[in-house]
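Remarks on the structure that follows.
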Amino acid sequence: MNPTEVFSIANLIAMPMWVLMIILPKWKVTQFLMDFKIIPILLSIIYAIYIAMAMQIGGGMDFGSLSSVMALFTEENAVLAGWVHYLAFDLLVGMWIIDQNKKIGIHQLLLAPCLFATFMLGPVGFLSFIIIKSIKRTKS
């Protein structure tokens, strides 16, 4: 299977989980998938395979400078691994947001944009949740 096909598969694995988390976060199936971290585990396996392949082809990973990091992302397997890394960790942050919200009780209409932003822009969604969480706590 080539990296382009794996890229598509990884996206297809992650997308339904985001839809469930945004639209049906309290559904038993969604809760099961979140509790056992099924999708992030699958993505982590893909990541491990492709980061190992990238290391075999490109040697060690140098994160010491911006130019070194840019050089890492010239190898197809490393770019795929980087993308899958984002998919897995953004999902974990989204799951954390939902888990935190069980205690806080932010309305789903406010939570859904935070989750969507986490899906699309990672840290922006996390930041928006933290801001809403802080405002909610201040008002309580």
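The values are calculated or read from the model by the stated rules, or taken from the named source; none is laboratory data. The structure displayed is predicted, hence computed values, not measured ones. Quick reminder, even Gly has a Cβ in these numbers, built from the backbone with ideal geometry, and neighbours come from all protein chains shown. The protein model used for the area step is the full one, side chains on, heavy atoms only, and it has no ligands, DNA or RNA in it. Shrake-Rupley method; radii C 1.70, N 1.55, O 1.52, S 1.80 Å.
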- Query: Of (1) 27.1, 95; (2) 17.0, 54; (3) 14.1, 38, which is the value of Rg and Dmax of the Cα atoms in Å derived from the coordinates here?
  - Reply: (2)
- Query: In the chain, carbon and sulfur make up what percent of the accessible area (probe 1.4 Å)?
  - Reply: 73
- Query: Short version: ³J(HN,Hα) in whole Hz for each residue of the range 38-55, in order, from phi by Karplus 6.51 cos²θ - 1.76 cosθ + 1.60 (θ = phi - 60°), x for Gly and Pro, what are they?
  - Reply: 4, 5, x, 5, 4, 5, 5, 5, 4, 4, 4, 5, 6, 6, 5, 5, 5, 5
- Find which of Ala71, Ala48, Leu109 sits farthest along the positive direction of the dipole of the chain, computed with +1 on the beta-carbon of Lys and Arg, -1 on that of Asp and Glu, about the Cα centre. Leu109
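Quickly estimate the mean residue ellipticity at 222 nm for the chain, helices only: each DSSP H run with n ≥ 4 gives -39500 (n - 2.57), and the total goes over all residues, rounded to 500.
Mean residue ellipticity at 222 nm (helix-derived): -28000 deg cm²/dmol.
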- Task: Report, in whole Å, the centroid distance computed from the Cα atoms of the range 121-140 and the range 60-88.
- Result: 30
- Estimated dipole of the chain in Debye, rounded to 20 [Cβ of Lys and Arg +1, of Asp and Glu -1, Cα centre]: 1040
- Run down the lysines and flag those whose C-alpha is under 30 Å from the C-alpha of Lys37, throwing out any fewer than 8 positions away in its chain. Lys26, Lys28, Lys102, Lys103, Lys133, Lys136
- Query: For the range 61-140, with every protein chain kept in place, what is the accessible area per residue (1.4 Å probe, Å²)?
  - Reply: 60
- Just by accessible area at a 1.4 angstrom probe, what is the order of Ile38, Ile135 from largest to smallest? Ile135, Ile38
